[in-house]
Amino acid sequence: MKFSLTIALCPLDELLELARTAEECGFASIALPDSVFFAGKVSAGYPYTPDGGRFWDADTPWIDPFVAAAAMGAVTSRIRFYTAVLKLGSRYPVPLARQVASVATITGNRFGFGVGLGWAPEEFEWCGVPYAHRGRRADEAIEVIRLILGGGMVAHHGEFFDFDELQVSPAPTARVPIYVGGHTAPGLRRAARHDGWSSAMITFDDLRATVERLHALRAEAGRAAEPFEVQAVCIDRFGLDGYRQQADIGVTDAIVMPWALDGTGFHAPLAAKRDSIRRFADEVITRL
């Protein structure tokens, strides 16, 4: 099992030191959250809390994940970065593919692209994208991005996106893995067609059932023998034994925030967060 450090809710001036510390302590990746803006009112509930409420507010810092990956990549040499997950539905795929290619290149192929639809209608509409048909649009957007990342002159004429020959340079020199978030049946089917699945907050029992479903979908797609990442934010299995249980059910990458797990607190100072990372590495990563 690998471990990824999430930087969700962290002040921007802490990110470089957190990345350095995570790399020193054996973390495999940094998981980069995404939120385009905070709408004063939303017409849909957040799907991953019991009451549908958001657990952040208008002042919570959300750095653009591509900017974060480039900045943290410049002060590290080994650790990887992936979006967990980027709101694909509100973005147009051609300039997005250029961003992915740029970050993958400048970090030396240390970037993975995690995507989800997005949950708030306002985030689509206020970015100029219709909320309707968001699933089909996302499927085609992934197709477009994968096509462009392959390099060379490409063209696409689809249901939602249409362009003649174009080329984005430089293209990544290694394949950028695409991970898909979402807990719905369409989201799981979408994930099974790509390189991995990235969870939101989920209980162990739900996680086990979801992993079983993903493996069945991979088999149906004829991809059971291919590598597949399961990136999980499990909310009720912690400590060495808890992560062993996650690994036993097929989790390959546990997304963690050590200072939230050990009681240090979301708003702890940077030094305390770095100490939490080191303790987690000593107590879990080095022993697993």
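The values are calculated or read from the model by the stated rules, or taken from the named source; none is laboratory data. Computed from a predicted structure; not experimentally measured. We place every Cβ from the backbone using ideal geometry, glycine too, and count neighbours over all the protein chains shown.
Things worth noting here:
- Any hit, the stretch 72-79, residues being farther than 29 Å from Cys234 by Cβ, loosely packed, with under 15 Cβ neighbours inside 10 Å and of a type in the set (Ser, Thr, Tyr): yes
- The condition (being touching a residue at least 60 places away in the same chain (Cβ under 8 Å) and β-branched (Val, Ile, Thr)) is satisfied by just one residue among Val115, Val154, Val103, Val144: Val115.
- Qualifying residue in the stretch 159-175 (condition: modelled with pLDDT of 95 or more, touching a Lys or Arg at 6+ places or on another chain (Cβ under 8 Å), crowded, with 17+ Cβ neighbours inside 10 Å and outside any loop (DSSP other than H, G, I, E, B)): no
- Residue selected from the stretch 63-120 under the condition in a strand (DSSP E or B) and not aromatic (Phe, Trp, Tyr), by the criterion farthest from the chain's Cα centre (by Cα): Arg80
- Matching residues, the stretch 90-112, being under 18 Å from Ala19 (Cα atoms) and hydrophobic (A, V, I, L, M, F, W, C): Val103, Ala104, Ile106, Phe111
- Selection count where residues are surrounded by fewer than 20 Cβ atoms within 10 Å (Cβ to Cβ), within 23 Å of Val180 (Cβ to Cβ) and not basic (Lys, Arg), scope the stretch 43-65: 12
- Considering Arg213, Arg274, the condition of being in contact (Cβ under 8 Å) with a residue 12 or more places away in the chain, under 27 Å from Arg20 (Cβ atoms) and not hydrophobic (A, V, I, L, M, F, W, C) is satisfied by Arg274 alone.
- Candidate set: the stretch 1-27, residues that are within 28 Å of Trp119 (Cα to Cα) and among the hydrophobic types (A, V, I, L, M, F, W, C); chosen: the one surrounded by the fewest Cβ atoms within 10 Å (Cβ to Cβ): Leu12
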